[in-house]
Amino acid sequence: TAGELDGKTALVTGASSGIGAATAEALAAEGASVSLAARRTNRLDELAGRIEASGGEALAITTDVTEESDIETMIETTTDAFGGLDVLVNNAGIMLLAPVDRADADDWRRMVSINLTGLMNATRAALPALREDEAGHVVNISSDARRGPGTGFGAYAATKAGVSTFAESLREEVADDGVRVTTVEPGATDTELPDHITDAAAKDEVEAAIESMHTLEPADVAAAVRYAVTQPPRVNVDELLVRPTDAG
Ligand code: NDP
């Protein structure tokens, strides 16, 4: 059956787990050839195998988005293999929660370099290929935490506010070339994201909050990305805020 993304190419950063993996699968199911970028090569290979077993096309590219040379390679490998790039999904991210007075400086540096600088560098590197395309598309995974974050979320939310704001300026710069820019802001989603929190109390608190609600599944967020990238070229879905119903 014909997919809505037949003949298109998508690159998803942070595709080794959670929202990124689900997004890669959703886009591949619509017919897109997908590049899978993240650091855990074995996870990427497993996912590429699953996508290929269901009749899709996938390429695993080991990438650390904090390394500019990795980002160049990720884009070049994709355009060489698939002949171009239509959709960049900037999804790689970490969430290292802690109250400001206890926060670890290295946690802050890592969050800024992955969530924000990494995303900005990936976007810049992809732009020549996206501009060449008839309807290039950048999708950034921000977070609902950028609006009214609770305690412990300050630095993480600052990176996500940065992502959302960066997208607003980018949208104006690339519109004349038909490149669309979408920001998706998910609420709590059941993934590995909290696993890496270094502050024990902040980790306990967020895990308890997650257990007390029906969180989103990664596929729910992937569906929002799929919606944005399957609209006609004239339609730019600027923002999608998708939250668990019982988050209130
Ligand atoms: P996961 O921890 O499951 O996924 C994070 C992904 O980012 C992994 O694939 C990881 O791969 C990748 N990543 C981390 N560091 C790097 C790096 N330096 N270079 C390349 N890839 C990297 O969590 P989620 O799926 O939840 O997170 C995906 C995005 O969604 C993040 O941006 C997160 O902030 C956002 N988000 C998540 C929410 C949630 O509640 N889960 C809510 C709102 C937003 P690897 O370790 O293999 O490199």
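The values are calculated or read from the model by the stated rules, or taken from the named source; none is laboratory data. Keep in mind that what you see is a predicted model, and the values were worked out from it rather than measured. FYI the Cβ positions are ideal-geometry reconstructions off the backbone, even for glycines, and counts take in every protein chain you see. These area figures cover heavy atoms from the full protein model, side chains too; ligands, DNA and RNA do not enter into them. Shrake-Rupley method; radii C 1.70, N 1.55, O 1.52, S 1.80 Å.
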**Q.** Contacts under 8 angstrom Cβ, first residue in the stretch 48-66 being of a type in the set (Val, Ile, Thr), partner away from the ligand (no atom under 14 Å from the Cβ) and not in a strand (DSSP E or B), 6 or more apart
**A.** 51/28; 61/77; 61/78
Q | Residue among 151, 159, 198, 182 that alone is closer than 19 Å to residue 227 by Cβ and hydroxyl-bearing (Ser, Thr, Tyr) | A | 182
Q. Given (1) in a helix (DSSP H, G or I); (2) surrounded by fewer than 18 Cβ atoms within 10 Å (Cβ to Cβ); (3) within 12 Å of the ligand (Cβ to nearest atom), where does residue 66 come up short, assuming only one miss?
A. (1)
Q. Which residues, taken from the stretch 26-37, are open to solvent by 10 Å² or more (accessible area, probe 1.4 Å) and at negative phi?
A. 26, 28, 29, 30, 33
Q: Name, by its number, the condition in (1) at pLDDT 95 or above; (2) over 15 Å from the mean Cα position of the chain (by Cα); (3) under 20 Å from residue 186 (Cβ atoms) that does not hold for residue 140.
A: (2)
Q) Is it the case that some residue within the stretch 82-104 is over 25 Å from residue 171 (Cα atoms), free of Cβ contacts under 8 Å to residues at least 60 places away in the same chain and open to solvent by 20 Å² or more (accessible area, probe 1.4 Å)? A) yes
Q: Please name all residue pairs, on different chains or six or more residues apart, with Cβ atoms under 6 Å, provided the first residue is in the stretch 191-219 and is of a type in the set (Asp, Glu) and the second residue is open to solvent by less than 60 Å² (accessible area, probe 1.4 Å) and within 13 Å of the ligand (Cβ to nearest atom).
A: 192/17; 192/18; 207/194
**Q.** Wholly enclosed helices (runs of 4 or more DSSP H) of the stretch 132-248 bearing at least 3 residues loosely packed, with under 13 Cβ neighbours inside 10 Å
**A.** 154-174, 200-211
(Q) Taking the condition of being under 24 Å from residue 127 (Cβ atoms), within 16 Å of the ligand (Cβ to nearest atom) and open to solvent by 10 Å² or more (accessible area, probe 1.4 Å), how many residues in the stretch 1-25 meet it? (A) 2
**Q.** Checklist (1) closer than 28 Å to residue 206 by Cβ; (2) hydrophobic (A, V, I, L, M, F, W, C); (3) part of a helix (DSSP H, G or I) applied to residue 48, failing item
**A.** (1)
Q) Out of all the residues in the stretch 95-131, which are farther than 30 Å from residue 7 by Cβ, assigned to a helix (DSSP H, G or I) and within 18 Å of the chain's Cα centre (by Cα)? A) 110, 111, 112, 113, 114, 115, 116, 117
